[in-house]
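**Q** Encoded as structure tokens, here's the structure I'll be asking about.
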Amino acid sequence: MMKITKEEKQLYKLLDVVNKIFGKTSDRTAIVGNLNKLYFYTLGYCGVFISKENEETLVESYDFATYQYELKQLPNKSFVLDALSGLDFDTQKLYYNIIDFVDSRIHSKEWIAEMSKDYDHKIAKIAMDSGKWIRDDDISYLKAFTEFEIYNGQDCLIIRSQDDYCDIYLVFTDSVVVPDVEDSTQMKIDAYENNQGIAEKIMDAINANPPVEEPPEEFDDDEYIEESFDDEDDDPMA
């Protein structure tokens, strides 16, 4: 059994996020350790905490052994990782499937941007840079990290937070959607209808005070090549 208090800031933050995610799902949940790594998984979300050796940490490096854990929270808000014993063949298979599922996604990622928790337009920025939308509720999980990096995955969006003591990956899978043409078109129509009055006032002001200089020349849009990926690694719970 491992007890994690608020003094162990980074691991505590991640477990707090995991606890909230697990509390909102009716699907199967799992937490597994692999030496200095702690993985978690449920449908739509997964990730890993990677402990780094550092003399200034409360322990030199976390050792999660090779157990599957049950996550509990005590009345004083501390967390407990309670190792499960007597694992059968199916549970052992699940153990390795979760590790492979998470590792395959964080190893195949493309850096997009950096962001801080104080940024006011996270959903818009993430959608614009990655081409993926995440749920409104999922933004609350990012508040646990002061600064983080955003990566595009094959079928996911990846958030990374790191310091001298650890590396944390939070992976959004089934919760991520790519807007189709109908969604995008409807959003433009709604935005136009909602702001038509403002647009008319702006045009009236421009017509009343036309610009002196000629507008700058238009540039051709850059061409982007979208790569398609084949789906890999089925749901580890299957």
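The values are calculated or read from the model by the stated rules, or taken from the named source; none is laboratory data. Nothing here was measured: the structure is a model prediction, and the numbers come from that model. Here Cβ is always computed from backbone atoms with ideal geometry, including for glycine, and neighbour counts include all displayed protein chains. Note: areas computed on protein heavy atoms with side chains; ligands, DNA, RNA excluded. Shrake-Rupley method; radii C 1.70, N 1.55, O 1.52, S 1.80 Å.
**Q** Any chance you could count how many residues in the range 1-12 are of a type in the set (D, E, K, R) and either surrounded by 14 or more Cβ atoms within 10 Å (Cβ to Cβ) or without any contact (Cβ under 8 Å) to a residue 40 or more places away in the chain (or both)?
**A** So the count comes out to 2.
**Q** On the basis of being at pLDDT 90 or above and within 14 Å of Lys3 (Cα to Cα), does Phe79 make the cut?
**A** yes
**Q** Continuing with the same structure: May I ask you to list the residues in the range 99-126 that are free of Cβ contacts under 8 Å to residues at least 24 places away in the same chain and more than 16 Å from Tyr169 (Cβ to Cβ)?
**A** Hits for the range 99-126 are Asp118, Tyr119, Asp120, His121, Lys122, Ile123, Ala124, Lys125.
**Q** Looking only at the range 152-169, how many residues end up being part of a strand (DSSP E or B) and closer than 11 Å to Ile134 by Cβ?
**A** Counting residues in the range 152-169 that are part of a strand (DSSP E or B) and closer than 11 Å to Ile134 by Cβ gives 2.
**Q** Just to be sure I understand the filter: pairs with C-beta atoms under 6 Å, separated by 6 or more residues or on different chains, first member in the range 13-29 and at negative phi, second member open to solvent by less than 60 Å² (accessible area, probe 1.4 Å) and in a loop (DSSP other than H, G, I, E, B). Which pairs pass?
**A** Lys13/Ala144; Val17/Ala144; Phe22/Thr29; Arg28/Met237
**Q** Related question: Check Asp16, Asp100, Asp27 and return the single one that is in contact with a Ser or Thr (Cβ under 6 Å, 6 or more places away or on another chain) and open to solvent by 40 Å² or more (accessible area, probe 1.4 Å).
**A** Answer to the selection: Asp27.
**Q** Output the residues belonging to the range 38-54 that are in contact (Cβ under 8 Å) with a residue 60 or more places away in the chain and open to solvent by 50 Å² or more (accessible area, probe 1.4 Å).
**A** Leu43, Lys52
**Q** Further question on the same structure: Check the range 88-97 and report whether any residue there is among the β-branched types (Val, Ile, Thr) and open to solvent by 20 Å² or more (accessible area, probe 1.4 Å).
**A** Yes, the range 88-97 contains at least one residue that is among the β-branched types (Val, Ile, Thr) and open to solvent by 20 Å² or more (accessible area, probe 1.4 Å).
**Q** Among residues belonging to the range 145-158 that are more than 16 Å from Glu114 (Cβ to Cβ) and open to solvent by less than 60 Å² (accessible area, probe 1.4 Å), point out the one that is modelled with the lowest pLDDT.
**A** Checking each candidate, the answer is Gly153.
**Q** From the list Lys77, Lys109, Lys122, which one is of a type in the set (Lys, Arg), under 27 Å from Lys52 (Cα atoms) and either exposed (fewer than 14 other Cβ atoms within 10 Å of the Cβ) or in contact with a helix residue (DSSP H, G or I) (Cβ under 6 Å, 6 or more places away or on another chain) (or both)?
**A** Step by step, each of Lys77, Lys109, Lys122 is checked, and only Lys77 is of a type in the set (Lys, Arg), under 27 Å from Lys52 (Cα atoms) and either exposed (fewer than 14 other Cβ atoms within 10 Å of the Cβ) or in contact with a helix residue (DSSP H, G or I) (Cβ under 6 Å, 6 or more places away or on another chain) (or both).
**Q** Conditions: (1) in contact with a Cys (Cβ under 9 Å, 6 or more places away or on another chain); (2) closer than 20 Å to Ala144 by Cα; (3) at pLDDT below 90. Glu7 meets all but one. Number of the miss?
**A** In the conditions (1) in contact with a Cys (Cβ under 9 Å, 6 or more places away or on another chain); (2) closer than 20 Å to Ala144 by Cα; (3) at pLDDT below 90, Glu7 misses (1) alone.
**Q** Would you mind listing the strands (runs of 3 or more DSSP E) fully within the range 65-148 where at least 1 residues are more than 25 Å from Asn34 (Cβ to Cβ)?
**A** Because the criterion is at least 1 residues that are more than 25 Å from Asn34 (Cβ to Cβ), the strands (runs of 3 or more DSSP E) in the range 65-148 that meet it are 109-116.
**Q** When you scan the range 32-39, do you find a residue that is in a loop (DSSP other than H, G, I, E, B) and hydrophobic (A, V, I, L, M, F, W, C), even just one?
**A** Yes, the range 32-39 contains a residue that is in a loop (DSSP other than H, G, I, E, B) and hydrophobic (A, V, I, L, M, F, W, C).
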